[in-house]
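The structure under discussion appears below in the form of structure tokens.
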Amino acid sequence: MGKVEDALANFGLTQNETKVYLALLELGSTTTGALITRTGLHVPRVYDSLRGLIHKGLASFVMKNKKKYFEAANPEHFIEVLKDKEREMDEAVPELKKLRQIPELKFEAATIFKGKRGLRTVLDSILSELKGRKEGEYLDFGVSGNFRQIMPLYWDRWQEMKKKMKVHSRVIFDEKLRNTQLAKEYIGRYKFVPSEYFCPSDTMIYGDKLVIFAWTADPPTAVVIRDAPTAKGYKNIFEWMWSKANK
């Protein structure tokens, strides 16, 4: 799927609802017959998708000559819904914190997180822990671009959050990423190493933690190791690589 389809899926639309919503945007006020033709979906699936979209506030209909004509809601509706959800979460977070038994997300000596949601938990925690700290920097080597490829929307958002939270970073990219859109949009300092040293995983070091992201695993997996000597050892490896890498 493309970025638009991914965004709608993340918003909670099914694949069929996405097809119908996009068709509504293209067709304007239209009947189910035109939607069936445009989407190639069977009649029951079009009706189910319309009901779902109407329930989500993303479609409406009017009666003309005893016939229903459906229309898509303005795409800006998504922004308003997200703002409402953000306001609701802002109000809920203080109460949730009261229920929490530990002040910060803590890891055992080695903890495994699987799937995109699991990786988001780890990545969100990295920014949360480093936010506003003078020494709030993470180091990252083995950057091949898989993060952006596998989680494109979240990668964009993570860069924005990193800038907003003033989290610093130094990363070592695969040479093949030079002059790419990823390098242009990346927030932080970076250098390059020859592609012959390519590694499909990221190794991040921050504080007393080491995080290895296995992007090519099924599902994508992150291993978080909390051990100050190990983190220090990998930091030394990073600093040596940084001194040898190309600008």
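Coordinate-derived values only; no laboratory data. This is a predicted model, so every value here is computed, not measured. All Cβ positions, even for glycine, are placed from backbone atoms using ideal geometry, and neighbour counts span all protein chains on display.
Couple of notes before you dig in:
- Helix 43-55 and the long axis of the chain differ in direction by around 70°, with both axes built from C-alpha atoms.
- Extension gain, K131-E160: 0.36 nm per intervening residue step, less the Cα-Cα distance, totals 9.1 nm.
- Each DSSP beta bridge with both residues in the chain is either parallel or antiparallel, and the antiparallel ones are about 70%.
- Selection from P75, P229, A217 lying farthest towards where the dipole of the chain points positive, charges on Cβ: P75
- Applying 1/(1 + (r/R0)^6) with R0 = 22 Å to the Cβ-Cβ distance of K114 and V93 gives a FRET efficiency near 0.30.
- Cα-based shape type of region 113-153, given that a ≥ b ≥ c are square roots of the gyration tensor eigenvalues and the cut on a/c is 1.5: oblate
- Crossing angle, helix 228-244 versus the chain [Cα axis fit, 0-90 degrees, rounded to tens]: 90
- Shape category assigned to region 110-244 from the gyration tensor of Cα positions, a/c cut at 1.5: rounded
- The tail of the calculated P(r) for the chain beyond 33 Å holds 37 percent of all Cα-Cα pairs.
- For region 1-101, the orientation-averaged shadow of the C-alpha convex hull comes to 8.5 nm² (one quarter of the hull surface).
- Residues Q15 and H42, FRET efficiency given R0 of 22 Å [Cβ-Cβ distance, rounded to 0.05]: 0.95
- Most to least packed among 180-188, 146-154 [average Cβ atoms within 10 Å]: 146-154, 180-188
- Cα-based helix-to-principal-axis angle, 76-99 vs the chain, degrees rounded to 10: 50
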